[in-house]
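What follows is one structure encoded as structure tokens, with my remarks underneath.
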Amino acid sequence: MERRKKRESDFKFKLVKLKDAINLIDQQVNLLGIVLDRKEPKLCRNNDWICTLSIIDGSYERPGLTVNVFSNKREELPNHDGMILFINIKMKSYGGGNRVNAACNKGVSSFALFKRRTDEAFICYQRTSNFRCEERYKSSMEELAKLFPTSCSLDQNLEFSFLREIKEGKPFNLLCKILLHVVNEEEDMSTIFVWDGTDAPPASIGFKDTSAVSNLSLLSRDTLRSFPTVGTILRLSLSNHLLYGVKPGDWVKLYQLLCVVDKGSWVASVTDSTTVTLAHDDHLVEKIMRIYDKRITSKFGHIPFWCFPSPPGFTETDDDQAPFVTLRDIITFSKVTYKYRCIVRVVSAFRSQEEDENRHYRVLLTLEDPTATLEAFLCDKDAEYFWGLGLQNTEMLRKQWNQLLGITRESSVSLGIRNPPWIECCIFSYYTNKADPWNTRLYKIFGTRLLDLEAV
């Protein structure tokens, strides 16, 4: 009985050479081959998608065996060349029985695509959600890779960029840690929040953009408290099948991403070539963590990389001995009321509508650093101290505002982009309702003075 079960199991998972498979019409087989050609996906009459491949192996080369892969979602079709492993696909004949192809239907079949790294490890960079059988075929994959070494080698650019090196519109690969993974089952999509310990470049802000929207704006304070407080966290939405086997806390390699700036914030997106692989025991992970550990133990570890070791000197603060913190440090700090010193950009400003009958000065500033955005008030005596004589001189105040918000003569004429300067400031957190301190927590700037920017 046991021997019979073993024979049945061996037969179920047995690989069939392509030259033998073409004689197994109407049977389910497992095939391992090299993708010789891949057609653009097409929409079928039943609204399913089809992608037609030609595959070869050592027994059956050009023009190869035609395999039609079907799916109700285009993104789940094979999107790369390389080595492909099909499980339980059906051999079919057509053209009066004179021609043969194979059909891979998601309901009963599965596939996985592989490439080989220079260290000879295979990377599975795409698989169907029902694929489970990779390990038992390793020796066969090794043999096929020896026959077709060029076709199996990883042809993507293996260089990885730090988040601090991203450029708008330029594809890049990122080695990073997944901090949070949010699944949307209805849309079969996931949103991940990733981090590598470095600071993304300050994004240019459109002249008409009134505020920057943080990637973290929808997350609760409790969630943010589980994140590192130094380094940019990038938000990325992608199909669930790309994240098979990936969970929060994993280090992953994201290939061929794109970043654009939208309303003053970096937004990451996938491309048709995007793949995701786990970064197990990778020396680059150790390198990233060494760099990060060295940074956070430094005196200047919590200031933005882009103004290291200090901002240009547009402002000065009363407490120049207090340690610097990031905006994410402030948001997640354990006390409701506290005083902080940080380096930020002022990306927008709004005159508050809550002025009293004495017309007290009250402006709401949106502050930004590589870790978060935060709204802080600039009011009354703190505002008088900040602006100095500029508060009494309309023209001087206008120039100060323009310089603080990065508005130049050129940007105002062309309605182009602006780049606010980095400034040092002190922030005080407080509450307005003692019975509900955390939900009424606000921030204001204090003890900060704007210098003569033209003299800096």
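The values are calculated or read from the model by the stated rules, or taken from the named source; none is laboratory data. Keep in mind that this is a model prediction, so the values were computed, not measured. Cβ coordinates were reconstructed from backbone atoms using ideal geometry, including for glycine residues, and neighbour counts include every protein chain displayed. Calculation scope for accessible area: heavy atoms of the full protein, side chains included, ligands and nucleic acids excluded. Shrake-Rupley method; radii C 1.70, N 1.55, O 1.52, S 1.80 Å.
Nearest 10 degrees, 0 to 90: what angle lies between the long axis of helix 2-13 and the longest principal axis of the chain (Cα atoms)? So the inclination is approximately 70 degrees. Would you mind checking the tilt of helix 394-404 against the longest principal axis of the Cα atoms of the chain, expressed as 0 to 90 degrees and rounded to 10? In the chain, helix 394-404 runs at an angle near 30 degrees to the longest axis.
Between Asn130 and Ser204, the distance separating the two model label sites (each 7 Å from Cα on the Cα→Cβ line) works out to 4.9 nm. P(r) for the chain, from all Cα pairs and a bin width of 20 Å, is 21, 42, 24, 12, 1 %, short bins first. Remark: the range 174-182, residue by residue, has Karplus-estimated 3J(HN,Hα) of 10, 9, 8, 9, 7, 8, 8, 10, 10 Hz, where x stands for each Gly or Pro and the curve is 6.51 cos²θ - 1.76 cosθ + 1.60 at θ = phi - 60°. Under 30 Å of direct C-alpha separation, and excluding same-chain neighbours fewer than eight residues apart, Lys399 reaches these lysines: Lys208, Lys263, Lys339, Lys381, Lys444. Each 10 Å bin from zero holds the following percent of Cα-Cα pairs in the range 315-450: 11, 40, 35, 12, 1. Distance between the modelled labels on Asp318 and Asn439, one decimal in nanometres: 3.3 nm (7 Å Cα→Cβ projection). Oblate is the label for the range 182-308, because the ratio a/c of its alpha-carbon gyration tensor axes (a ≥ b ≥ c) is 1.5 or higher and a/b is not greater than b/c. Per q in 0.23 1/Å, what log10 I(q)/I(0) does a Debye calculation on the alpha-carbon atoms of the range 256-382 return? Here the Debye-derived log intensity ratios amount to -1.44.
What is the percent carbon and sulfur in the accessible area of the range 315-450, measuring with a 1.4 Å probe over the protein chains and ignoring ligands? The value for the range 315-450 is 49 percent carbon and sulfur by accessible area. Fully extending the segment from Phe333 to Asp380, taken as 0.36 nm per residue of separation minus the present Cα-Cα distance, adds 14.3 nm. For the range 268-325, the ratio of Cα radius of gyration to the globular rule of thumb 2.2 N^0.38 Å stands at 1.73.
Helix 283-296 sits at what angle to the longest principal axis of the chain, using alpha carbons and giving 0 to 90 degrees rounded to 10? That works out to roughly 10 degrees. Rounded to two decimals, the Cα-based Rg/Rh of the range 19-131, with Kirkwood Rh, is 0.96.
What number, rounded to the nearest 500 deg cm²/dmol, is the helix-based mean residue ellipticity at 222 nm of the chain, given -39500 (n - 2.57) per DSSP H run of at least four residues and division by all its residues? Spell out each step's value before the answer.
Working: 10 runs with 78 residues, N = 456.
Dividing the helical sum by the residues of the chain leaves -4500 deg cm²/dmol.
Calculated FRET efficiency, Arg221 to Lys167, Cβ-Cβ distance, R0 = 25 Å: about 0.20 to the nearest 0.05.
When the pairs Lys19/Lys73; Lys115/Lys167; Lys12/Lys138; Lys73/Lys146 are compared against a 22 Å limit on Cα-Cα distance, Lys19/Lys73; Lys115/Lys167; Lys73/Lys146 fall above it.
So if each residue of separation counts as 0.36 nm, and I subtract the Cα-Cα distance between Ser310 and Ser139, what length gain in nm does that give? Don't jump to the answer; show the numbers that get you there.
Details: separation 171, 0.36 × 171 = 61.56 nm, distance 5.60 nm.
Result for the pair: 56.0 nm of gain on full extension.
I need the calculated FRET efficiency for the pair Glu186 and Glu40, taking r as the beta carbon distance and R₀ as 41 Å, to the nearest 0.05. Rounded to the nearest 0.05, the efficiency is 0.90.
Using the beta-carbon distance between Lys73 and Lys146 and R0 = 45 Å, what value does 1/(1 + (r/R0)^6) give for FRET efficiency, to the nearest 0.05? Kindly include the intermediate steps, with their values, before the conclusion.
Details: r = 35 Å, r/R0 = 0.77.
Between Lys73 and Lys146 the formula returns 0.85.
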